[in-house]
Amino acid sequence: MTGLGTLLFLAGVIVLIFGILRYRKRNWPRRKTQIVIISSILAIIIGIGIIPSSETEEASNEKPKQTEKTVKKDVKAFIKSDKTFSTNDEGTLTIKGETIPGGEVRLALEGATELVTDADDDGNFEFSLMNFDQSREAVLSMTFRGETTEFPVSLSVSSGYETKLAEEKKAEAERVERERLAAEEQKAQEAKIAAEKKAEQDRIAAAEKAKAAETKRAEAERAAAQPDTSNKQGETVYITATGSKYHYSQSCQGLNNSNGETAVTVDEAKAQGFTLCGFE
């Protein structure tokens, strides 16, 4: 717009001078000269009117820039957000707000690690907390040019998510109880099997012990039925004149048909070729 105003102004001046010269030389008719002069004057007036408006427009364009610079220079740390937030039915809690574009925002939770995020170019920021299962207080904060501002918020669990947590807790308790009962049943079954195995082992051991006792008793009976021939070389035995056996007892069954016995020592009987009677 500045160039157009200047162009009209210069064109009007040139045409005005040209018209005046022509009028003085009387080369043009008077009416034509008047039209040229009036037109040039109008062009000059319009050009003069456009030039200030253009300058005003440029000034108005520069003014917002200067104002914008002033706003950026005078801005202070701030946080704009709701004071309370609640989870959805899946346990996700989203905290949103506004602050200085590109500003670093911190979220301090009770009993948890501090979270940090950056605002976007429009100053919007957002925190998303998954599986948020306990209501608590928190503080949003941001620092700009050495100035820190804090904004307290309350975080809560929705009734829908509380119901879901209660159902999950109940299901977990039932699962633990089932596992406990199964473990006890398995333990009882293992104890029963162990008891039956021990009982069988005890039965086998008792049977073997009884068998061993019976064997020992039979061996004792057999030993008692046989005469002890150890260290009996000097003892008296009985032989017959017609027999070939010697007997420790005169009442031995082998002497039933004897017509008479002779008492000798075991050594003497053996020396004469006699052997022990089979009935003894």
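The values are calculated or read from the model by the stated rules, or taken from the named source; none is laboratory data. Quick caveat: nothing in here was measured; it's all calculated off a predicted structure. All Cβ positions, even for glycine, are placed from backbone atoms using ideal geometry, and neighbour counts span all protein chains on display. Quick note on the areas: whole protein, heavy atoms, side chains included, nothing else; ligands and nucleic acids left out. Shrake-Rupley method; radii C 1.70, N 1.55, O 1.52, S 1.80 Å.
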Quiz item: Can you pull out the residues in segment 230-280 that are assigned to a loop (DSSP other than H, G, I, E, B) and among the small types (Gly, Ala, Ser)?
Solution: Ser230, Gly234, Ala241, Gly243, Ser244, Ser249, Ser251, Ser258, Gly260, Gly273, Gly278
Quiz item: So which residues in segment 104-119 are in a loop (DSSP other than H, G, I, E, B) and either at pLDDT below 95 or under 30 Å from Glu167 (Cα atoms) (or both), if there are any at all?
Solution: Glu110, Gly111, Ala112, Thr113, Glu114
Exercise. Test each condition in (1) at pLDDT below 70; (2) in a loop (DSSP other than H, G, I, E, B); (3) of a type in the set (Lys, Arg) for Lys76 and report the one that comes out false.
Key: (1)
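Say we look at segment 247-261 and pick out the residues that are surrounded by 13 or more Cβ atoms within 10 Å (Cβ to Cβ) and out of contact with any Asp or Glu (no Cβ under 9 Å at 6 or more places or on another chain); which of these is modelled with the highest pLDDT? Reasoning before the result, please.
To start, the set of residues in segment 247-261 that are surrounded by 13 or more Cβ atoms within 10 Å (Cβ to Cβ) comprises 247-249, 252, 254-255, 258, 261.
With the extra rule that they be out of contact with any Asp or Glu (no Cβ under 9 Å at 6 or more places or on another chain), the set shrinks to 258, 261.
Details: Ser258: 78, Glu261: 85.
Within segment 247-261, the match that is modelled with the highest pLDDT is Glu261.
Scan segment 139-156 for residues that are of a type in the set (Gly, Ala, Ser), open to solvent by less than 50 Å² (accessible area, probe 1.4 Å) and more than 10 Å from Lys83 (Cα to Cα) and jot them down.
The first filter runs over segment 139-156 and keeps only residues of a type in the set (Gly, Ala, Ser), leaving 141, 146, 154, 156.
Narrowing further to those that are open to solvent by less than 50 Å² (accessible area, probe 1.4 Å): 141, 154, 156.
The answer is Ser141, Ser156.
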Quiz item: Of all residues in segment 121-161, which are under 25 Å from Glu90 (Cβ atoms), part of a loop (DSSP other than H, G, I, E, B) and over 23 Å from the mean Cα position of the chain (by Cα)?
Solution: Ser158
Self-check item: Residues satisfying the stated conditions in segment 86-116, i.e. in contact (Cβ under 8 Å) with a residue 40 or more places away in the chain, under 14 Å from Leu140 (Cβ atoms) and open to solvent by less than 20 Å² (accessible area, probe 1.4 Å)
Solution: Leu93, Ile95, Gly97, Thr99, Ile100, Gly103
